[in-house]
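Engineer: One structure is given below, represented as C-alpha cells, and several questions about it will come after.
The values are calculated or read from the model by the stated rules, or taken from the named source; none is laboratory data. Keep in mind that this is a model prediction, so the values were computed, not measured. Cβ coordinates were reconstructed from backbone atoms using ideal geometry, including for glycine residues, and neighbour counts include every protein chain displayed. We work out accessible area using only protein heavy atoms, side chains counted, and drop any ligands, DNA or RNA first. Shrake-Rupley method; radii C 1.70, N 1.55, O 1.52, S 1.80 Å.
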Amino acid sequence: MQNKYIGIKPNVFIYHTNAKANIVYQNLNKNETCYTFFSVNETGEKIIGLITGQDTLKRFKHKFCDKYEINYEENRTWIDNFIKALDEKGIVLFSDTAMPNTAIEVVGAKDAISPLSATIEVTEQCNLRCKHCYADASPNKNKKHMPLNDFYKLVDILRANKVFNLELTGGELFVHPNAYEIVQTSLNNFATVGILTNGVSLNDKMLELLKSHKDKIMVNISIDSVNPETHDTFRGLNGAFGKSCETVKRLTSNGIRVRLASTIFNDNLWEVDKLAELTLSLGASVFSFGYVENFGRGVGFRKKTNVDVTSYVKYINDTLSKYKHIMPIIDSKEFLKTSDNCGAGVNSITIGVDGKIRPCVIHPHTTLFGNVFTDEYTTIFEKDIYRKLSKIPAPSIETGCDKTCDNFLICRGCFLKGLEYNKESKYHCNWIIKNELAQILKVYEEEHLYEKCK
C-alpha cells in the first residue's frame, strides 16, 4: 500500500460551512442521487487537500510533513490511520500508476451557516399519550399533520441547500395519512434517514419499503422498561410494550438496523443494564437512554429522586463499560473534532409541522429562528442568533459548571438545557456567567414568553 499512488475518488468534494470542512461523496450509481459525508478539522482538510493522484502513499506522507514542517517519524502513524479511515469511508483510491493530477473540489464558504442534517416533525398527532412528551403529542384529532405537498416542497428546499441527513418524527410518524409517501420520498433523496417511532403500528407495506433501503436507514424505537406494566403506564397504552418489542424483532429479522431508546425516570432508574440486555435479545444494534426533560409534559412529570448520586454514577459507568459495544461513547480524534457543542441550530435543525425552525426537538416552539415555508431559506441562517448559537460552549466543568449544581448531570453537554434551566432561575449559574451568556439567555427568555402568551 505504501508504494501505491493515492488519489481522491470522483464525485468527492469539500463543502465548507460554519468553519467546518465536510467531506461529501456523491453517489451517482443509483436512480437517485445520494450523499455520504463526514467532517474533519483543519488538519484533516490539509491532508485531503494535498492528495492529487501524483504521489505514492509513502511519498505523500513525506510531502505533507515537509510542507507543514513536522517530523516524519513522529507523525507518519497517525497520518496512516487517517488515510485508512478515508479509505474505509470510500473517499480515496489507490493505483499502481500515477493518476491524473486532480485536486479535490472545494465549495461553500467557511463563514456560512448551512445545516447538513434536519429533523422533520411531520405530525403533532400520536397514538400514545406518553407522560413525558416534550411535544405534548396525543391522539387528539385536532393535532395537525404536515400536508404532503408541503413535505415535497420542504424536501426540494433541503436538497437544494445540501442537507444530507434526515430524521422523521412526530408525534408518531406512522399515524400520518401519507406516512408511506413521506418515508419513500425521504429514502430517495437523502444519504441517511432516521425514523423515530414508538413501534406500536408498523404495517407490512412499510416494512417492505424499509427492507429495500436498509443500507441507509436506522429505526429508533422507544421502550422504557423491561416490565410491560411500567412501560405501558408511562406510554399511556395497554399492550404497547408487546407491540413495540414485536416491531423491533420484525425489523431486525429483516436486516434493518434498530436503536432501542429508553427514557429514564424514578420507576426505571436501575433498569438501564436490563434494558441493554433487552436490546441484545431483540436483535437491535444500538441502545441509548436519557432522562425525562423539563419540556412539554415532562415539566409536570419530572420529579427529584433521593438516589445516592455516587452509587448511581458508578452503576451507570459500569453499565456503559459492560455494554459499550451497543452503547457507543464518541471518542473524538483530534483530526475529526470540529465543534464545541452539539451543533444544534447550526449543523442540524428541527422543522415543525408549520415550517418553523428550532435548534432541536427539545427547544420550545418559537418564531425566533425562521420558517422554511415563509422565509427565504438561504437568508434564514444569516440571522445573528445562529452565529451566537455556534459559539455557545456545551456546559461542563471545563466551561464553568459547578459539579455540585442540582442540574449538573442534566445540563452537562447540552447548551439548550443550560439555557432552559436558567430561564426561570433568580440567579444565573456559573456557566452563564463565565461564558457571558446573559444576553442570549435574555433573548431566549423573551421569545419563550412571547410564544406562551400567543
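Engineer: Of the residues in the range 154-193, how many are more than 24 Å from residue 236 (Cβ to Cβ) and either open to solvent by 10 Å² or more (accessible area, probe 1.4 Å) or touching a Cys at 6+ places or on another chain (Cβ under 8 Å) (or both)? So that I can check it myself, show each step before the final result.
Structural biologist: Here is the first cut: in the range 154-193, the residues more than 24 Å from residue 236 (Cβ to Cβ) are 154-166, 178, 180-193.
Add one more test, that the residue is either open to solvent by 10 Å² or more (accessible area, probe 1.4 Å) or touching a Cys at 6+ places or on another chain (Cβ under 8 Å) (or both), and what stays is 156-157, 159-162, 165, 178, 180-181, 184-185, 188-192.
So the answer is 17.
Engineer: Another question, then. If you take the residues in the range 108-131 that are assigned to a loop (DSSP other than H, G, I, E, B) and of a type in the set (D, E, K, R), which one is modelled with the highest pLDDT? If you could, list the steps in order and put the result at the bottom.
Structural biologist: Let us first name the residues in the range 108-131 that are assigned to a loop (DSSP other than H, G, I, E, B), namely 109-116, 122, 124, 126-131.
Restricting the remaining residues to those that are of a type in the set (D, E, K, R) gives 110-111, 124, 129, 131.
Numbers: 110: 78, 111: 79, 124: 90, 129: 84, 131: 79.
By that ranking, first place goes to 124.
Engineer: OK, next. Quick check on my filter: what residues within the range 139-154 are charged (D, E, K, R) and modelled with pLDDT of 95 or more? So that I can check it myself, show each step before the final result.
Structural biologist: In the first step, residues of the range 139-154 are kept if they are charged (D, E, K, R); the result is 141, 143-144, 150, 153.
Correct list: 150, 153.
Engineer: Let me ask you something else. Consider residue 434 carefully, then state whether it is modelled with pLDDT of 85 or more and open to solvent by 80 Å² or more (accessible area, probe 1.4 Å).
Structural biologist: Details: modelled with pLDDT of 85 or more: yes; open to solvent by 80 Å² or more (accessible area, probe 1.4 Å): yes.
So residue 434 fits the description; yes.
Engineer: Filter the range 395-431 for residues that are open to solvent by 70 Å² or more (accessible area, probe 1.4 Å) and closer than 26 Å to residue 350 by Cα and give the result.
Structural biologist: Initially, the range 395-431 is screened for residues open to solvent by 70 Å² or more (accessible area, probe 1.4 Å), giving 397-398, 403-404, 406, 409, 412, 424, 426-428, 430.
Those that are open to solvent by 70 Å² or more (accessible area, probe 1.4 Å) and closer than 26 Å to residue 350 by Cα: 409, 412, 424.
Engineer: So, one more: Those residues that are of a type in the set (A, V, I, L, M) and part of a helix (DSSP H, G or I), I need them from the range 178-196; list them, please.
Structural biologist: 179, 182, 183, 187
Engineer: Also, quick follow-up: Does the range 65-73 include one or more residues that are surrounded by fewer than 19 Cβ atoms within 10 Å (Cβ to Cβ), hydroxyl-bearing (Ser, Thr, Tyr) and within 21 Å of the chain's Cα centre (by Cα)?
Structural biologist: If we filter the range 65-73 for residues that are surrounded by fewer than 19 Cβ atoms within 10 Å (Cβ to Cβ), which is where we start, we get 65-73.
Those still in the list that are hydroxyl-bearing (Ser, Thr, Tyr) too: 68, 72.
Of the ones still in play, those that are also within 21 Å of the chain's Cα centre (by Cα) are none.
Within the range 65-73, none of the residues are surrounded by fewer than 19 Cβ atoms within 10 Å (Cβ to Cβ), hydroxyl-bearing (Ser, Thr, Tyr) and within 21 Å of the chain's Cα centre (by Cα).
Engineer: Taking the range 312-341 only, how many residues are assigned to a loop (DSSP other than H, G, I, E, B), modelled with pLDDT of 65 or more and in contact with a helix residue (DSSP H, G or I) (Cβ under 7 Å, 6 or more places away or on another chain)?
Structural biologist: So the count comes out to 4.
A quick yes/no check of all residues on (1) small (Gly, Ala, Ser); (2) open to solvent by less than 30 Å² (accessible area, probe 1.4 Å); (3) at pLDDT 90 or above:
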position	(1), (2), (3)
2	no, no, yes
7	yes, yes, yes
13	no, yes, yes
20	no, yes, no
29	no, no, no
36	no, no, no
39	yes, yes, no
43	no, no, yes
47	no, yes, yes
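Engineer: A follow-up question, please. Looking at 114, 95, 138, which is the one that is hydroxyl-bearing (Ser, Thr, Tyr) and under 30 Å from residue 291 (Cβ atoms)? Talk me through it step by step, then tell me what you get.
Structural biologist: On the way: 114 fails: under 30 Å from residue 291 (Cβ atoms); 95 fails: under 30 Å from residue 291 (Cβ atoms).
On inspection, the qualifying residue turns out to be 138.
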